[in-house]
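Working notes, beginning with the structure itself.
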Amino acid sequence: QYPEFDERNRSCEQSLIRNSGALQDSFLIEAYNLKASIEYSRKNFSPAKEIFKLMPQRGEEDLDPVTLHNQALFHLSQNEDDSLKKLSFLLSNPPFPPQTFRNLQILYIKNGYLDVAAEMLSDNAHLKFDLLGQTMSDYFDASIIAYVNPEKAIDEFDALVTNSTSSIRTLRKQRDRALKNNNAEEAQSLYYDIRLEFDFFLAALMSQARLYWEREEFEQVEELLRRYTDLCGEEDEWKINFAHSLFVQQGNKFKESIAFYEPVVSKYRDESILQISPIVLANLCVAYIMNNQNEEAERLITITEKEEEGYNCMKNDDVDYSTTKHHGCIINLVIGTLYCERENFEFGINRICKSLEPLEIKLGPDTWYYAKRCLMALASRLAKHMIIPQRDLLQQIFDFLDDVMKFGKAIVSHVDIDHHHVATKNPEESSSTTISIEALKLKCAFIKLQMI
């Protein structure tokens, strides 16, 4: 009906359109936003993004608040920093979609920006109950309290989980009754109510589990999550976190963790294994190795590296850390870490160094985190005279750190919470330390240890 706004009929030079009376009268923007939002609410994320792409494309300065909000949500996995900035902009420039306040608060808490979340609640107290409601307000309050009083937060999360569990069971009974009475419309409506309540329940449960995790009470995490197997045993998020709680306890728990990692990996293997978090793949490979299933580990690594290579090749000349996948690299880093933890530093460090080749593409905050952990562990044991390293190993470390210093000059080593982004360029704009500086400090430490 509106061929002039159809993206498929437009050339690259005409790819962006300006706001106009004709576009406004067509209501195409509203229709695409609504259709994409429905798919997104049903967790059909790929179809939602595809629908969003069909929307008449405008420059960011021409976007309406609803489109900007949805763009921030739909592109969250690709560029979380950009999504935070867009949601922050909306909150500072009303009117904005009511969900903006809640979604921005969720992102801050998810990423550990608790001081920013507390400040935002304080500055927008007039919006708190109007836009959040009592239950969501209680959840955010508990998340912020956890920073100073974990015990109180655990109790508050427990109360939220208990109440939510009761609500889910009640809603399920109502849905079953509606199905029994052949009331499809009511059953469908209750299905979405259950999904919304369940999403909240899962968020509260994982927040409670996280507090136990941070105190390294891993058995308590396992016990807590196992308690709700009947409610969420089919959820990927529950499976992954339950598997993590088993994996970290090591020993016989490695084998048990495989049973929960595998279904998640198998689910996405045929479609795209790169959709899975690299740490899930890495932990599964380690669990295979510790359970004497080395062939399974190698098979999984091969599948991942092959798909990763194909993905990165599609980037053509636009290849750097931010535009490529690093699943295979992180898997090998975690396996290298495993060998380092078992005092086989020569094999572990060698695997870590090789996994980061080429550094100009694979060196970034995430990959450097795993590499420096192992190097620091080795330095600690050298300082305590617990091991005597081979000369070749030290030379390999020096060569590796020299290369890291070369390629890490413009890469900040960790997420800068105050600025809400990971800086990969112009590090002088941030208070964070660059990877190059950390590598230099590590090299100086190894030189001193060599002299002892």
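Got at least one residue in the stretch 323-341 being outside any helix (DSSP H, G or I), open to solvent by 60 Å² or more (accessible area, probe 1.4 Å) and without any contact (Cβ under 8 Å) to a residue 24 or more places away in the chain? No, that holds for no residue.
For the stretch 245-271, filtering for residues that are more than 26 Å from residue 306 (Cβ to Cβ) and out of contact with any Lys or Arg (no Cβ under 6 Å at 6 or more places or on another chain) leaves 9. Filtering the stretch 89-105 to residues that are surrounded by 15 or more Cβ atoms within 10 Å (Cβ to Cβ) and in contact (Cβ under 8 Å) with a residue 24 or more places away in the chain leaves 90, 91, 96, 97, 99, 100, 101, 102, 103, 105. For the condition out of contact with any strand residue (DSSP E or B) (no Cβ under 8 Å at 6 or more places or on another chain) and surrounded by 19 or more Cβ atoms within 10 Å (Cβ to Cβ), residue 125 does not qualify. Under the condition of being closer than 16 Å to residue 405 by Cβ and either in contact with a strand residue (DSSP E or B) (Cβ under 7 Å, 6 or more places away or on another chain) or open to solvent by 20 Å² or more (accessible area, probe 1.4 Å) (or both), the residues counted in the stretch 366-377 number 1. Does residue 76 fit the bill of being in a helix (DSSP H, G or I) and either hydroxyl-bearing (Ser, Thr, Tyr) or open to solvent by less than 60 Å² (accessible area, probe 1.4 Å) (or both)? Criteria not met by residue 76.
Give the residue that is surrounded by the most Cβ atoms within 10 Å (Cβ to Cβ), with candidates limited to residues of the stretch 39-49 that are among the charged types (D, E, K, R) and in contact with a helix residue (DSSP H, G or I) (Cβ under 7 Å, 6 or more places away or on another chain). Of everything passing the filter in the stretch 39-49, 39 is surrounded by the most Cβ atoms within 10 Å (Cβ to Cβ). Evaluate the following for residue 211: is it free of Cβ contacts under 8 Å to residues at least 40 places away in the same chain and part of a helix (DSSP H, G or I)? The answer is no for residue 211. In the stretch 192-200 there is at least one residue matching the filter, namely being among the aliphatic types (A, V, I, L, M), part of a helix (DSSP H, G or I), under 23 Å from the mean Cα position of the chain (by Cα) and exposed (fewer than 15 other Cβ atoms within 10 Å of the Cβ).
Entry remark, the stretch 222-239: residues being more than 21 Å from residue 154 (Cβ to Cβ) and surrounded by fewer than 20 Cβ atoms within 10 Å (Cβ to Cβ) number 5 in total.
Of all the numbered requirements in (1) loosely packed, with under 15 Cβ neighbours inside 10 Å; (2) under 17 Å from residue 230 (Cα atoms), residue 172 misses one, and that requirement is (1).
Can you find, within the stretch 50-66, the residue that is nearest to the chain's Cα centre (by Cα) among those that are part of a helix (DSSP H, G or I) and surrounded by fewer than 20 Cβ atoms within 10 Å (Cβ to Cβ)? Among residues in the stretch 50-66 that are part of a helix (DSSP H, G or I) and surrounded by fewer than 20 Cβ atoms within 10 Å (Cβ to Cβ), the one nearest to the chain's Cα centre (by Cα) is 50. Looking across the stretch 128-154, the residues that are in a helix (DSSP H, G or I) and open to solvent by 60 Å² or more (accessible area, probe 1.4 Å) come down to 129, 130, 134, 135, 151, 152. Would you call residue 361 of a type in the set (Val, Ile, Thr), closer than 18 Å to residue 435 by Cα and open to solvent by less than 90 Å² (accessible area, probe 1.4 Å)? In short, yes. Here 117, 153 are screened, and the one residue that is under 15 Å from residue 205 (Cα atoms) and aliphatic (A, V, I, L, M) is 153. Out of 85, 35, 110, one residue alone is modelled with pLDDT under 90 and either among the aromatic types (Phe, Trp, Tyr) or open to solvent by 40 Å² or more (accessible area, probe 1.4 Å) (or both). It is 110. Criterion applied to 271, 296 was being open to solvent by 20 Å² or more (accessible area, probe 1.4 Å), free of Cβ contacts under 8 Å to residues at least 40 places away in the same chain and more than 23 Å from residue 312 (Cβ to Cβ), and the one residue passing it is 296. The stretch 221-293 holds helices (runs of 4 or more DSSP H) entirely within its bounds, and those carrying 2 or more residues that are among the polar types (S, T, N, Q) map to 236-247, 253-269.
The values are calculated or read from the model by the stated rules, or taken from the named source; none is laboratory data. Quantities reported herein were computed from a predicted structural model and do not represent experimental measurements. Ideal geometry is used to build each Cβ from the backbone, glycine not excepted, and the neighbour counts take in all protein chains shown. Side chains included, ligands, DNA and RNA excluded: accessible areas come from the protein's heavy atoms. Shrake-Rupley method; radii C 1.70, N 1.55, O 1.52, S 1.80 Å.
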